[in-house]
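Asker: Dropping the structure in here first, questions after.
The values are calculated or read from the model by the stated rules, or taken from the named source; none is laboratory data. Values in this document were obtained by computation on a predicted structure and should not be read as measured data. No Cβ is skipped: glycine too gets one built from the backbone with ideal geometry, and neighbour counts run over all protein chains shown. Each accessible area value is taken on the protein alone, full model and side chains, heavy atoms only, with ligands, DNA and RNA left out. Shrake-Rupley method; radii C 1.70, N 1.55, O 1.52, S 1.80 Å.
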Amino acid sequence: MNFQKHNTAETTLIRDLPRLVFGFLLCLFALPAAAHEIRPAVVDVQLQADGHYRIALQVNMEAVLAGVSPTHSDTSESPNAESYNRLRALPARKLEERIRAFWPQYREGLHMDFDNTRNAPELTALDIPAPGDLARARLTTLHLTGSIPPGAKTLRWTYASQYGGSVLRLQRVGDSEVIAAWVREGAASAIYPLAGEIAGATRTAVFGQYLVLGFTHILPKGLDHMLFVLGLFLLSTQLAPLLWQVTAFTLAHSITLALSMYGVIALSPVIVEPLIAASIVAVAVENLLTARLHAWRIFVVFGFGLLHGLGFAGVLTEIGLPRDEFVTGLIAFNVGVEGGQLAVIALAFLAVGYWFRHRPWYRVRVVLPLSALIALTGVYWMVERLIG
């Protein structure tokens with residue numbers, strides 16, 4: 001009798017899936033195009049032989065102008081999301097007017113300190129792309145310049161906490177290599193000498209910094225990676241097979257991440273990002289089609305992990321790895337990513353798995369509807385990334 005009820009419920013859900021699909025798509029396309037991950041500002045600093053410095057500051061200025069807090073992983077989570085969306089749609093000329101009007105206030109949050117004395121840069125030019133695809137964040141480049149005080153020996157960069165984190169890329173006079181560092185929101189960078197040897201961060205400090213970076217790239221900022229891991233979780237009611245899948249995924253993305261960072265392979269985000277979305281769809285659709293974990297799943301997961309590793313490489317390429325502790329930073333980032341994935345699984349297990357995974361209705365009421373939503377989200381992202 002219970003078996004018949006189970007089959008009836010599953011049949012009813014499958015019959016209603018087209019309506020669920022249609023309703024979900026309506027909701028997606030009715031939403032304002034605000035799915036913009038908040039990324040750190042990229043600050044390229046060049047020290048000139050003529051005693052000046054130049055800065056190319058690449059940042060999502062619409063988020064800054066709208067007052068979107070960096071505590072949100074996505075602009076759509078902010079109470080100021082509507083203001084952000086209006087700014088996002090402005091023509092470049094109109095946005096430039098808003099930025100120039102805001103510049104005196106914004107400059108107060110930019111600190112170029114020479115020998116612990118603040119030096120305020122001047123805004124010389126703006127590069128603002130056309131609005132384009134409203135589903136993608138628009139990055140504006142502010143070109144700044146200033147004078148290096150005569151006799152100055154050290155430099156330090158600080159970016160105001162309300163604007164988020166930043167990636168400092170410093171090139172000194174006569175140096176062919178660029179010094180890269182991730183500066184967390186509200187923190188100051190290390191103090192760099194303007195000439196001579198630069199003392200690298202300790203191995204422990206590098207490991208801790210990139211461990212946090214890897215973890216936060218999954219939780220809370222990596223929604224696409226989270227949905228992929230949740231797709232794995234939904235088909236495995238036993239933890240051991242699930243952990244094997246996650247291990248295969250981690251091993252795979254570690255391989256491609258390392259190869260990318262060493263310059264062995266490179267693939268454009270235009271190709272990688274739609275494929276990552278497709279991997280989410282594939283895992284979720286398999287959950288809909290079968291109730292049993294097949295032997296081939298772990299190999300499929302490994303293949304998809306190779307793709308996700310290329311996605312992670314984009315983050316590390318933007319931020320950079322310390323020259324003296326390249327391997328340490330790379331390992332720490334991977335460990336952080338693994339920790340984020342395990343945290344997602346632990347939260348899902350505590351939310352539904354522990355309580356309901358042995359119930360006869362678990363697949364019908366939990367696995368099927370959640371997998372359908374994950375698949376639809378993946379399809380939406382795939383189409384959005386292909387046409388963007």
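Asker: Using +1 on the beta carbon of Lys and Arg, -1 on that of Asp and Glu, and nothing else charged, what's the dipole of the chain about the Cα centre, debye to 20?
Answerer: Value, rounded to 20: 1040 debye.
Asker: Between Ile148 and residues 5 or more places away or on another chain, which pairs have amide H atoms under 5 Å apart, with H built 1.01 Å from N, and which residues are they?
Answerer: His52, Tyr53
Asker: To continue, here is another question. How large is the charge dipole for region 97-250, taken about the Cα centre, if only the Cβ atoms of Lys, Arg (+1) and Asp, Glu (-1) carry charge, to the nearest 20 debye?
Answerer: It works out to roughly 160 debye.
Asker: Does anyone have the angle between helix 203-218 and the longest principal axis of the chain? Alpha-carbon axes, 0 to 90°, nearest 10?
Answerer: Between helix and principal axis, roughly 50 degrees.
Asker: A follow-up question, please. Can you tell me the 0 to 90 degree angle between the C-alpha axis of helix 239-261 and the longest principal axis of the chain, rounded to 10?
Answerer: 30 degrees
Asker: Looking at the calculated P(r) for region 330-388, what percent of the C-alpha pair distances fall above 15 Å?
Answerer: 67 percent
Asker: Compute the projected area of the convex hull of the Cα atoms of the chain, averaged over all viewing directions, and report it in nm² to one decimal place.
Answerer: Mean projected area for the chain: 20.7 nm², to one decimal.
Asker: Okay, moving on. What net charge is computed for the residues neighbouring Ala160, neighbours being all others with C-beta under 15 Å from the C-beta of Ala160, Lys and Arg scored +1, Asp and Glu -1?
Answerer: So the environment of Ala160 carries a net charge of +1.
Asker: Quick one: net charge around Val272, please, counting Lys, Arg +1 and Asp, Glu -1 for every other residue with C-beta under 12 Å from its C-beta.
Answerer: Computed value for this residue: -1.
Asker: Still on this model: Suppose the chain between Ala89 and Val264 were pulled fully straight at 0.36 nm per residue; how much longer would it get relative to their current alpha carbon spacing?
Answerer: The Ala89-Val264 span can extend by a further 59.1 nm.
Asker: Taking the Cβ of Leu235 as the centre, find all other residues whose Cβ is under 14 Å away and add up their charges (Lys, Arg: +1; Asp, Glu: -1).
Answerer: Within the 14 Å Cβ shell, the charges total +3.
Asker: Continuing with this model, one more query. Hey, what's the Kirkwood Rh for region 123-230 if you take every pair of different alpha carbons, in angstrom?
Answerer: Every distinct Cα pair counted, the radius reaches 17.2 Å.
Asker: Continuing with the same structure: Taking 0.36 nm per residue of sequence separation and subtracting the Cα-Cα distance, how much length would be gained by fully extending the chain between Arg54 and Phe356, in nm to one decimal?
Answerer: Contour length minus Cα-Cα distance gives 102.9 nm.
Asker: Using the Cα centre as the reference, give the magnitude of the dipole from point charges on the C-beta atoms of region 187-329 (Lys, Arg: +1; Asp, Glu: -1; all else neutral), rounded to the nearest 20 debye.
Answerer: Using only the charged Cβ atoms, the result is roughly 320 debye.
Asker: For the pair Arg203/Thr124, report the inter-label distance in nm, with labels modelled 7 Å from Cα in the Cβ direction.
Answerer: Inter-label distance under the simple model: 4.2 nm.
Asker: If one takes the longest principal axis of the Cα atoms in the chain, at what angle in degrees, from 0 to 90 and to the nearest 10, does the Cα axis of helix 326-348 lie?
Answerer: 40 degrees
Asker: Quick one: P(r) of region 206-265 from all Cα-Cα pairs, 10 Å bins, percents rounded to integers, in order of increasing distance.
Answerer: For region 206-265, the pair-distance distribution reads 19, 42, 33, 6.
Asker: Still on this structure, please answer the following. Please report the orientation-averaged projected area of region 87-138, defined via the convex hull of its C-alpha atoms, in nm².
Answerer: 4.4 nm²
Asker: In square angstrom, what is the accessible area per residue of the chain with a 1.4 angstrom probe?
Answerer: On a per-residue basis, 49 Å².
Asker: Of all the accessible heavy-atom surface of the chain, with the other protein chains kept in place and a 1.4 Å probe, what percent is carbon and sulfur?
Answerer: 63 percent
Asker: Between Ile387 and Arg365, what length in nm is gained on full extension when 0.36 nm per residue of separation is reduced by their alpha carbon distance?
Answerer: That works out to 4.5 nm of additional length.
Asker: Still on this model: For region 151-208, count the residues as N, evaluate 2.2 N^0.38 Å, and divide the Cα radius of gyration by that value, please.
Answerer: That ratio works out to 1.19.
Asker: According to a simple spin-label model (label point 7 Å from Cα along Cα-to-Cβ), what is the distance in nm between Phe349 and Gln105?
Answerer: Spacing of the two 7 Å Cα→Cβ label points: 4.7 nm.
Asker: So if the hydrodynamic radius of region 43-90 is defined as the Kirkwood radius over C-alpha pairs, what does Stokes-Einstein give as its diffusion coefficient at 4 °C and 1.567 mPa s, in µm² per second?
Answerer: 104 µm²/s
Asker: When all alpha-carbon pairs of region 244-388 are counted, what percent fall beyond 26 Å?
Answerer: Of all Cα-Cα distances in region 244-388, 31 percent exceed 26 Å.
Asker: Rounded to the nearest 500 deg cm²/dmol, what is the calculated helix-only ellipticity per residue at 222 nm for the chain, with -39500 (n - 2.57) per DSSP H run of length n ≥ 4?
Answerer: -17500 deg cm²/dmol
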